[in-house]
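J.: Pasting a structure below so you can have a look.
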Amino acid sequence: MTNPKVSIITPAYNAEKYIGEAIESVLAQTYKDWEHIVVVDGGTTDGTAAVVRRYAARDPRVIYHYDKEHKRMASARNVGIRLARGEYIAFLDADNVFSETKLEAQAAHLDSDGSCGVSYGKVLHFYGGARDVLWENKNEAPLRTDQLRGLLWRNSINLLAVLVRKECFDRWGAFPEGWAACDEHYVWINLASRGVRFCHIEKMVGLSRLHIASDSRRKDHILDTANLFLKMLDSVEKTLPPEQKREYGRDFKGLRRSWKIKRFIGILLNNRFTSPLLLPLYLARRERTYAKVS
């Protein structure tokens, strides 16, 4: 039995409500040479496992993997990468969906350009089940020439948007565990700092579901993110060769200053006296990140 070209990795924790839609979007792909590894979290208490098993019984390309460790998304994604047999890796969270031609377009993209390590396209967003009303995240834009500098300052690549050569993860590592607020951002910065080339494709490749009560709306989100991002900057800078440390020294200095300001804002958002005034302003600003496209 030959290995599939593409391995799709889905972490699933209490995802019974949406996991079927995610798997159906994989089954509907115009590109057929794939395996779909669904890593079910050991802490799951709903019917997620039963749903995944039903699909796995119907199609052997859907692979159910029970991870007895109750950890977060980064751990499940790393488990999936270790299990993956494909040359290319795609990521599909349990509440998101692929466009029908995502794998066909992006596999062809990587096949045609051996110097490209990460193919990434456009992702649109929707709330709940309203796929007829789509939103664009203004922060998710194609990278400019200096990819590392662009990624240091902004996490502009949605995980749903990518198809990655597995060898990039095998060589440079994947998701750091315990950095839930910025683990995806670290992956792109880490790969860019190693010289991995990111290539943009002008195509909508998936739909990402937005949740009103998401982690990013918690009042302690910005404080947690700021603390983790400052640690991440230290970790990344240590791995850079001397010439890159000199080239990006100003960027690291500016980023530390920026994130310390955000950390102070986070402290105010958690203060019982200032939070009632600042939290609505903070959430309103976040909402303006999204622009309606249909």
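The values are calculated or read from the model by the stated rules, or taken from the named source; none is laboratory data. Just so we're clear, the structure is a prediction, and the values are computed from it rather than from any experiment. Note: ideal-geometry Cβ built from the backbone for every residue, glycine included; neighbour counts use all protein chains shown.
J.: Determine which member of the set ALA107, ALA94, ALA74 is in contact with a Lys or Arg (Cβ under 7 Å, 6 or more places away or on another chain), within 21 Å of ALA174 (Cβ to Cβ) and either in a helix (DSSP H, G or I) or in the same structural domain as GLU16 (by TED's automatic domain parsing) (or both).
T.: Checking each option against the conditions leaves just ALA107.
J.: Given the residues ALA15, ALA56, ALA74, ALA22, which is the only one that is in contact with a strand residue (DSSP E or B) (Cβ under 9 Å, 6 or more places away or on another chain) and closer than 18 Å to LEU163 by Cβ?
T.: Among ALA15, ALA56, ALA74, ALA22, only ALA22 is in contact with a strand residue (DSSP E or B) (Cβ under 9 Å, 6 or more places away or on another chain) and closer than 18 Å to LEU163 by Cβ.
J.: Picking from ALA28, ALA50, which residue would you name as being within 19 Å of THR101 (Cβ to Cβ), of a type in the set (A, V, I, L, M) and surrounded by fewer than 20 Cβ atoms within 10 Å (Cβ to Cβ)?
T.: Answer to the selection: ALA28.
J.: Of LEU191, LEU163, which residue is among the hydrophobic types (A, V, I, L, M, F, W, C), part of a strand (DSSP E or B) and within 23 Å of LEU92 (Cβ to Cβ)?
T.: From the options LEU191, LEU163, the qualifying one is LEU163.
J.: Then there's this: Can you spot a residue in region 185-199 that is without any contact (Cβ under 8 Å) to a residue 60 or more places away in the chain, within 30 Å of ALA108 (Cα to Cα) and touching a Lys or Arg at 6+ places or on another chain (Cβ under 6 Å)?
T.: The answer is no; no qualifying residue exists.
J.: If you don't mind, another one. With (1) touching a helix residue (DSSP H, G or I) at 6+ places or on another chain (Cβ under 6 Å); (2) at positive phi; (3) of a type outside the set (A, V, I, L, M) as the list, and GLY117 as the residue in question, which single condition is left unmet?
T.: GLY117 satisfies all of (1) touching a helix residue (DSSP H, G or I) at 6+ places or on another chain (Cβ under 6 Å); (2) at positive phi; (3) of a type outside the set (A, V, I, L, M) except (2).
J.: Just need a number here: residues in region 102-153 that are within 13 Å of TRP188 (Cβ to Cβ) and aromatic (Phe, Trp, Tyr).
T.: 2
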